[in-house]
Amino acid sequence: MCTATSRSARRATRPDSIPPRLLRAYRLTRYRAAGCEIRIGRRVPDALFERLGARGATLATGWNPGSRRMPDGWNRRMQQRLRQCLRRFTVIEAEGALRGWREAMLLVAGDPRPVARAAIRFRQRAVVFLRCGAAARLRLL
């Protein structure tokens, strides 16, 4: 079992507590991994799954818990801890960007449930589920 921070075991964010402006930002974010662009509601390129060797994956991050900006050094440490938690999975570096904002992410191959559980421990509000042949889905935590 991995640990995030001493406060990370608090309850997960309720989806109805996420402001509409923030939900819109999540949906408009352009995600990139393995040279492929991923957009919520759009079909995920097959090349991404060929690179992963899996039919499903999840985008997650350790950055900015609760969608609150944290110092870069802190974010890098949390991202490294999240990567350590997910060490038994195939993980590829990814990124989320919207306008001038950028955030490091991890694309994790396989079952989304353990990734979502790890994201909750790291106080994240959402992850992105990817399935071969389907549109990317935002999953609120």
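All of the numbers you see were taken from the coordinates with simple rules; none came from a lab. Note that this is a predicted model, so its numbers are computed, not measured. Virtual Cβ from ideal backbone geometry, glycine too; neighbours counted across all protein chains shown.
Looking at the square roots a ≥ b ≥ c of the eigenvalues of the Cα gyration tensor of region 18-140, which shape do they give, rounded for a/c under 1.5, prolate if a/b is larger than b/c, or oblate?
oblate
For region 18-140, give me the percentage of DSSP beta bridges that are antiparallel, rounded to the nearest 5 percent.
95
Based on Cβ point charges of +1 for Lys and Arg and -1 for Asp and Glu, what charge dipole magnitude is obtained for region 18-140 about its Cα centre, in debye rounded to the nearest 20?
Charge dipole of region 18-140: 480 debye, to the nearest 20.
Spin-label point model (7 Å from Cα, Cβ direction): what's the R42 to L22 distance in nm?
Placing both labels 7 Å along Cα→Cβ, they lie 2.5 nm apart.
Which one, A94, A34, A57, has the greatest fluctuation when you compute a Gaussian network model over the chain with C-alpha springs under 10 angstrom?
Per the Cα network of the chain with a 10 Å cutoff, A34 tops the list.
May I ask you to derive the relative contact order of the chain, considering only C-alpha pairs under 8 Å and at least 6 residues apart, and to give it as an integer percent?
36
Place +1 on the Cβ of every Lys and Arg and -1 on the Cβ of every Asp and Glu in the chain, take the dipole about the Cα centre, and give the residue among L130, F49, N64 whose Cα lies farthest towards its positive end.
Most positive-ward Cα: N64.
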